[in-house]
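The block underneath contains the structure these notes are about, expressed in structure tokens.
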Amino acid sequence: MAYQQGHWQDESWRDTMVDQVVADNGAYVTGWTISGIAVIGTIVAVWLLGI
């Protein structure tokens, strides 16, 4: 991006990775819940099995 008239940011560019979830909040929450349970399950498995 070029420096133009004192503006250094491109106002039209948006990062979709940090945008708020607008639709399908149920799938969003379900995905994070499954991810959290998988992480906790992995930690417990490593702890119990002594891997």
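Coordinate-derived values only; no laboratory data. Every value quoted in this text rests on a predicted model; they were computed, and no experiment measured them.
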Quiz item: So what are the ³J(HN,Hα) numbers for the stretch 35-51, from phi and the Karplus equation (6.51, -1.76, 1.60; θ = phi - 60°), rounded to whole Hz, Gly and Pro as x?
Solution: 4, x, 5, 5, 5, 4, x, 5, 4, 5, 4, 5, 5, 6, 8, x, 6
Exercise. Grab the Cα-Cα distance for VAL29 and THR42, subtract it from 0.36 nm times how many residues apart they are, and report the gain in nm with one decimal.
Key: 2.7 nm
